[in-house]
Amino acid sequence: MAIGHYVTDLAPGDVLGPVEFVLSPFVVREYCHAVELHQEYFQGSHDQIVPPTLVHLQKLRLYQHACPAGTGPTARVHVEYDATYHEAIRAGEKLRAVGKITDRYSKRERDYVHLEIELRAAADGRLLIAYRDTVILAYSKKDAA
């Protein structure tokens, strides 16, 4: 169990969070500038919508909260993700993120971990985004050389 330790130590069954937070209009706007989402509903100040891809930042927030010792001896490499967007998220809405490590396995001498995150409205528990993520946690010794 890695909770309180390194991200590279995460194991099946580890639960990250819950973490509650608010994505301010400023954060949403700056993120959207960075990823070139220039539509008014992402940039505007009235009824601003959070883009689904911003859930990547919540993964990092969960890692930081659950594993304050850092990434560990090797850096993570993002492999793939899939998200189901259930409902629009408004900037300024209080949110709750919870993650669970559902699998860890080795393939070609690399350690992979599968994380599932649910992002919900903190006020009433509505499911907003379900996010599934796979990362490589560690490479084989020959890759590191």
Residue among 94, 107 that is under 30 Å from residue 42 (Cβ atoms) and either charged (D, E, K, R) or crowded, with 17+ Cβ neighbours inside 10 Å (or both): 94
Cross-chain or 6+ apart pairs with Cβ under 7 Å, region 5-16 first and in contact (Cβ under 8 Å) with a residue 60 or more places away in the chain and farther than 11 Å from residue 63 by Cβ, then of a type in the set (Ser, Thr, Tyr) and in a loop (DSSP other than H, G, I, E, B): none
Restricting region 35-91 to residues that are modelled with pLDDT under 80 and farther than 30 Å from residue 5 by Cα, the residue that is surrounded by the fewest Cβ atoms within 10 Å (Cβ to Cβ): 46
Sole residue being of a type outside the set (A, V, I, L, M, F, W, C) and either touching a His at 6+ places or on another chain (Cβ under 8 Å) or closer than 28 Å to residue 48 by Cα (or both), chosen from 81, 112: 81
Residue within region 1-22 that is among the aromatic types (Phe, Trp, Tyr), under 14 Å from residue 119 (Cα atoms) and at pLDDT 85 or above present: yes
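The values are calculated or read from the model by the stated rules, or taken from the named source; none is laboratory data. Keep in mind that this is a model prediction, so the values were computed, not measured. Methodologically, a virtual Cβ is constructed for each residue, glycine included, from the backbone with ideal geometry; neighbour enumeration extends over all protein chains shown.
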